[in-house]
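The values are calculated or read from the model by the stated rules, or taken from the named source; none is laboratory data. In this text, all values refer to a predicted model and were calculated from it rather than measured experimentally. Backbone-built Cβ (ideal geometry, glycine too); neighbour counts: all protein chains shown.
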Amino acid sequence: MRSRAQEVVVETPGSQSSLHRANLERVVRAVRLAGSLTQAEIARTTGLSAATVSNIVRELKDGGTVEVTPTSAGGRRARSVSLSGDAGIVIGVDFGHTHLRVAVGNLAHQVLAEESEPVDVDASSTQGFDRAEELVNRLIAATGVDRSKIAGVGLGVPGPIDVESGTLGSTAILPGWTGTRPAEELGSRLGVPVHVDNDANLGALGELVWGSGRGVRDLAYIKVASGVGAGLVINGKIYRGPGGTAGEIGHITLDESGPVCRCGNRGCLETFTAARYVLPLLQSSHGTDLTMEGVVRLARDGDPGCRRVIADVGRHIGSGVANLCNLLNPSRVVLGGDLAEAGELVLGPIRESVGRYAIPSAARQLSVLPGALGGRAEVLGALALALSEMGDSTLLDGSLTAATPVFT
């Protein structure tokens, strides 16, 4: 016969122990997604009472899951709660048009190391993943983090991801990668869970967590590079659509008699705004080595041709944004990529088109801002993706001991 000390305690649904466990996970999740919150903010976010939050924070602090530091909120003293810096590690990997960027961060939203290097977009996917694996291993070694602490990896690729199969769809940026399963490939190399999304969605996540999207629940992140994409945030979450292709703003038709797009249609927004269509307009006067970064720099220095092209691009983007306003009514649009560095030279024409084509009530509620993170938006979004996808049970099981549950 087993003694009482040997009896197995089984949590039943609705029991006090299971309710307490659920509340612990709610608090940890809120802090994990936000980076840091005051106890009052945790209460508002989770719907728990202030007393319950106070007790749970104390328990998590005693277990080493969270750190609590003095701060102020609204002129009053408060306590800021964040996950412990050594509670776990996440990694972000971003494949861009011409670069590979990797960042290592902890669960307190601190970036521990970050590095980028040029990548040949015509290289095979195998070569690309070889480079990513090498760079990840180099940063892990440089930071000295324990590999067993890696909770997950976020991976960004410049193309649509099928949400059911995890395969990369057709892309003109990495044509040799079409049909690959990026998350599966990198996950097998690193031996940890990998979550993948397209670069526009990750740019939206990065700006939402760390940049110009902080404090809003509905936004669109517009990235203009060799293609045009939008990351859509609805009620604080990325909206991907059932097939993972939501946000393909670049294929809104502006002119049915316009240039033929890579998608097979004519006059898509992309054919009036993407770099490979815009740069030839200026090559006769500025040479064939001109880049969008160079166009922006020349425009800021007063070059009339570059200013005109950027203004035209802004007006076209504004037409697409107006359609988004009429359909989704976001409160904020964040412009990313090299074009955002043009500032009001491009933002002014965007607002002009929005005011002309959007429903007045939607246009009045909209703010159009440049991204705050520049070229880092996607890799920081990859970190945010890894943070959002990890579970809280393992984190709690690994750090909490025999703390006494307190119920309110």
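A residue that is within 21 Å of the chain's Cα centre (by Cα) and either free of Cβ contacts under 8 Å to residues at least 12 places away in the same chain or over 23 Å from Val224 (Cα atoms) (or both) cannot be found anywhere in region 140-149.
Conditions tested, residue by residue: (1) touching an Asp or Glu at 6+ places or on another chain (Cβ under 8 Å); (2) modelled with pLDDT under 85.
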site: Pro13; (1), (2): no, yes
site: Ser17; (1), (2): yes, yes
site: Ala22; (1), (2): no, no
site: Glu41; (1), (2): no, no
site: Pro70; (1), (2): no, no
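I'd like to know if region 325-340 contains one or more residues that are assigned to a helix (DSSP H, G or I), in contact (Cβ under 8 Å) with a residue 60 or more places away in the chain and more than 21 Å from Leu208 (Cβ to Cβ). Checked region 325-340: no residue is assigned to a helix (DSSP H, G or I), in contact (Cβ under 8 Å) with a residue 60 or more places away in the chain and more than 21 Å from Leu208 (Cβ to Cβ). When region 82-105 is filtered for residues that are at pLDDT below 90 and either surrounded by 18 or more Cβ atoms within 10 Å (Cβ to Cβ) or closer than 25 Å to Lys149 by Cα (or both), the ones remaining, listed by number, are Ser82, Leu83, Ser84, Gly85, Asp86, Ala87, Gly88, Gly96.
Within region 226-268, the residues that satisfy the criterion of being in contact (Cβ under 8 Å) with a residue 24 or more places away in the chain, crowded, with 22+ Cβ neighbours inside 10 Å and within 21 Å of Leu279 (Cβ to Cβ) are Gly227, Val228, Gly229, Ile249, Gly250.
Scanning region 35-49 for residues that are touching a residue at least 40 places away in the same chain (Cβ under 8 Å) and within 25 Å of the chain's Cα centre (by Cα) yields Gly35, Ser36, Leu37, Thr38. If I ask for residues that are assigned to a strand (DSSP E or B), in contact with a helix residue (DSSP H, G or I) (Cβ under 7 Å, 6 or more places away or on another chain) and within 22 Å of Gly337 (Cα to Cα), which ones from region 125-162 would you list? Within region 125-162, Gly154, Leu155, Gly156, Val157 qualify.
Based on this model, can you work out whether Val313 counts as in contact with a Phe, Trp or Tyr (Cβ under 6 Å, 6 or more places away or on another chain) and closer than 24 Å to Gly159 by Cβ? Judged against the criteria, Val313 is not a match.
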